[in-house]
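What follows is one structure encoded as structure tokens, with my remarks underneath.
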Amino acid sequence: MQQVATAETEAVTMNAFDLALKGGWLMIVLLILLLMTIYVLIERTLVINKESKEDNSFMNRIKDYIHDGKIDAAVALCRNTDTPSARMVEKGISRLGRPTADVMSAIENQGNIEISKLEKGLQVLATSASGAPMVGFLGTVTGMVSAFMSMANAGANVSITTLSAGIYEALVTTVAGLIVGIIALFAYNYLTTRIKGIVNRLEMRIMEFMDILNEPAA
């Protein structure tokens, strides 16, 4: 009865940190993946929020400058507006006087650079989303191997206590791997959705800029 009471007390007082310790050394790998995921999510969210801000009057001012022949003023406005669309427009303005295909190509190349900047770090999330569950599964296998080794060494004296260390490692790493993988997957999908919204807006800005170049001045 005393042993049962002690076991119940252990079960009640065990916290998340104690459970994590039961998972063995693979929990360190999962912790690293979790910290990397959280860092990328926060850092990319801040970057995307910054790049998402736009001056609604920007394109109208660019239109006025170009139609008035104030190319230097248009370039200065682009350089003072720290957004992806402004940098793309500036690249297009720098190609004025060349064939439309050249202007469009220059803008698209700059757009690809801007998108690659926004997507920086997403590979870490993709790796965590797919790798963390695999690490957890590895912990499941190593935990069960440990449990069977303990059982073999105990012989006829095998008990739940003997097997508990391996079983803990198997179950805890599985749960931790799934949790990290789910967090990374949700973070990846969230960020890619935000980036896709910025890409759609950049495409609209490209079309607006090309329309400005092709329409006659008032």
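The values are calculated or read from the model by the stated rules, or taken from the named source; none is laboratory data. Fair warning: this is a prediction, and the values are worked out from it, not measured in the lab. Every residue, glycine among them, receives a Cβ derived from its backbone with ideal geometry; neighbour counts consider all protein chains shown. Heavy atoms of the whole protein, side chains included, go into the accessibility calculation; ligands, DNA and RNA do not. Shrake-Rupley method; radii C 1.70, N 1.55, O 1.52, S 1.80 Å.
Residue by residue, here is whether (1) modelled with pLDDT under 90; (2) part of a helix (DSSP H, G or I); (3) closer than 30 Å to Phe137 by Cβ holds:
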| residue | (1), (2), (3) |
| --- | --- |
| Val175 | yes, yes, yes |
| Ile179 | no, yes, yes |
| Ala184 | no, yes, yes |
| Ala187 | no, yes, yes |
| Leu191 | no, yes, yes |
| Lys196 | no, yes, no |
| Asn200 | no, yes, no |
| Met210 | yes, yes, no |
| Ala218 | yes, no, no |
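With the condition kept exactly as written, say whether any residue in segment 65-75 is in contact with a Leu (Cβ under 8 Å, 6 or more places away or on another chain), within 30 Å of Glu203 (Cα to Cα) and modelled with pLDDT of 90 or more.
Of the residues in segment 65-75, the ones in contact with a Leu (Cβ under 8 Å, 6 or more places away or on another chain) are 65-66, 71.
Keeping just the survivors that are within 30 Å of Glu203 (Cα to Cα) gives 65-66, 71.
Still in the list and also modelled with pLDDT of 90 or more: none.
No, segment 65-75 has no match at all.
All but one of (1) at pLDDT below 90; (2) within 30 Å of Lys53 (Cα to Cα) hold for Leu138; state the number of the condition that does not hold.
Checking Leu138 against (1) at pLDDT below 90; (2) within 30 Å of Lys53 (Cα to Cα), the one that fails is (2).
Return a yes/no flag: does segment 180-187 have any residue that is open to solvent by 30 Å² or more (accessible area, probe 1.4 Å), more than 30 Å from Leu26 (Cα to Cα) and not basic (Lys, Arg).
From segment 180-187, those open to solvent by 30 Å² or more (accessible area, probe 1.4 Å) are 182-183, 185-186; that's our starting set.
Applying the additional criterion that residues be more than 30 Å from Leu26 (Cα to Cα) yields none.
Within segment 180-187, none of the residues are open to solvent by 30 Å² or more (accessible area, probe 1.4 Å), more than 30 Å from Leu26 (Cα to Cα) and not basic (Lys, Arg).
Could you say whether any residue in segment 65-78 is under 30 Å from Glu43 (Cα atoms), in contact (Cβ under 8 Å) with a residue 24 or more places away in the chain and open to solvent by less than 50 Å² (accessible area, probe 1.4 Å)? Can you show your working first?
Keep residues of segment 65-78 that are under 30 Å from Glu43 (Cα atoms), which gives 75-78.
Add one more test, that the residue is in contact (Cβ under 8 Å) with a residue 24 or more places away in the chain, and what stays is none.
So far as segment 65-78 goes, no, none of its residues is under 30 Å from Glu43 (Cα atoms), in contact (Cβ under 8 Å) with a residue 24 or more places away in the chain and open to solvent by less than 50 Å² (accessible area, probe 1.4 Å).
For the structure I just gave you, tell me whether Glu51 is among the acidic types (Asp, Glu) and open to solvent by 50 Å² or more (accessible area, probe 1.4 Å). Break it down stepwise before answering.
Working: among the acidic types (Asp, Glu): yes; open to solvent by 50 Å² or more (accessible area, probe 1.4 Å): no.
No; evaluated as a whole, the condition is false for this residue.
I'd like the residue in segment 96-118 that is more than 11 Å from Leu213 (Cβ to Cβ) and polar (S, T, N, Q) and, out of all such residues, is surrounded by the most Cβ atoms within 10 Å (Cβ to Cβ).
Gln110
Would you please name the residue that is modelled with the lowest pLDDT, looking only at residues in segment 79-88 that are under 28 Å from the mean Cα position of the chain (by Cα) and open to solvent by 30 Å² or more (accessible area, probe 1.4 Å)?
Within segment 79-88, the match that is modelled with the lowest pLDDT is Asp82.
Are any residues in segment 187-197 of a type in the set (Phe, Trp, Tyr) and farther than 11 Å from Ser128 by Cα, and if so, which ones? Step through it out loud before you land on a result.
First, pick out the residues of segment 187-197 that are of a type in the set (Phe, Trp, Tyr): 188, 190.
Tyr190, the sole residue that qualifies.
Do we have Glu114 as at pLDDT 85 or above and touching a Pro at 6+ places or on another chain (Cβ under 7 Å) here? It would help to see each step written out before you state the result.
Details: at pLDDT 85 or above: yes; touching a Pro at 6+ places or on another chain (Cβ under 7 Å): yes.
It is true that Glu114 is at pLDDT 85 or above and touching a Pro at 6+ places or on another chain (Cβ under 7 Å).
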